[in-house]
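Below you'll find the structure, written out as structure tokens, and then a few comments.
The values are calculated or read from the model by the stated rules, or taken from the named source; none is laboratory data. The structure presented is a predicted model; accordingly, all values stated were derived computationally and were not measured. Glycine gets a Cβ as well: all are built from the backbone with ideal geometry, and neighbour counts include every protein chain shown.
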Amino acid sequence: MARERRVFTREFKLGAIRLVTDKGMSVIKAASSLGIREGLLRKWKAQWEAEGEEAFPGNGNQSSRDSEVARLMAENRQLRMERDILKKATAFFAKHAN
């Protein structure tokens, strides 16, 4: 039987990272005291160092970078559609102008 996947809140992750960074506890000791794998805590710490306040946005929440990418992709789709319409209109009027 498969084990159920555990889900950790942002606050739990930040608290675990603080044990290592602020309290000076080793990653191994902090991980064992919290009942998590050492590699997981190292991964969280690396993510926090790389992303800062935008780390661990939570389910359904996007980081500002991800939401900006989504917005730009939607804008790109819209602009391509407008370009294609203008191309067709130009070809239509060029054909009927003669």
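Points worth noting:
- Whether a residue is of a type outside the set (A, V, I, L, M) and either part of a helix (DSSP H, G or I) or on the phi > 0 side of the Ramachandran plot (or both) was assessed, and Glu49 passes this test.
- Tabulated pairs, the range 28-45, first at pLDDT below 95, second basic (Lys, Arg) and in a helix (DSSP H, G or I), C-beta under 8 angstrom, 6+ apart or interchain: Trp44/Lys13
- Checking each residue in the range 53-92 for being modelled with pLDDT under 85 and not in a loop (DSSP other than H, G, I, E, B) picks out Glu53, Glu54, Ser64, Arg65, Asp66, Ser67.
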